[in-house]
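Participant: This is the structure, below, for whatever I ask next.
The values are calculated or read from the model by the stated rules, or taken from the named source; none is laboratory data. As the structure is a computational prediction, the values presented were derived from the model and not from experiment. When we count neighbours, we look across all protein chains shown, and the Cβ atoms used for this are built from the backbone with ideal geometry, even at glycine. Note: areas computed on protein heavy atoms with side chains; ligands, DNA, RNA excluded. Shrake-Rupley method; radii C 1.70, N 1.55, O 1.52, S 1.80 Å.
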Amino acid sequence: SVPFLVRLFPSVLTKFVYLNFLAFPFFADFRRPELLVNNTISLHLTTEPGVTVGIWHTVPGSRAAEARGQDQRWYEEALADAHPVIIYLHGNGGTR
């Protein structure tokens with residue numbers, strides 16, 4: 001019956017292959033990353049009109065003491081300094 005359903009509803013196959021409708025862990029609040037990962041803040045970037053991408057900015061452990069208690073402005077300025085930035089693309093899970 002599965003091949004028959006896939007033939008009738010091809011979008012179902014995409015949902016089951018990528019499972020992008022699942023958010024794991026199930027009850028985590030991804031808008032507050034500091035509860036999950038130390039020295040992390042949630043930011044949003046506008047990549048083009050009408051498209052906003054949510055990101056987490058995590059500073060390395062060597063700057064942990066400096067980052068403790070800082071606000072969003074400090075994290076934005078840390079992105080602009082001479083330190084390298086590593087971009088991690090997590091895949092298709094739908095959450096950060």
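Participant: Just checking: which of the helices (runs of 4 or more DSSP H) contained wholly in the range 1-90 hold 2 or more residues that are in contact (Cβ under 8 Å) with a residue 12 or more places away in the chain, open to solvent by less than 100 Å² (accessible area, probe 1.4 Å) and in contact with a helix residue (DSSP H, G or I) (Cβ under 9 Å, 6 or more places away or on another chain)?
Facilitator: Working: elements: 2-8, 10-18, 64-67, 72-80.
Per the criteria, 72-80.
Participant: Can you tell me how many residues in the range 16-65 are at pLDDT 85 or above and of a type in the set (V, I, T)?
Facilitator: Matching residues across the range 16-65 total 8.
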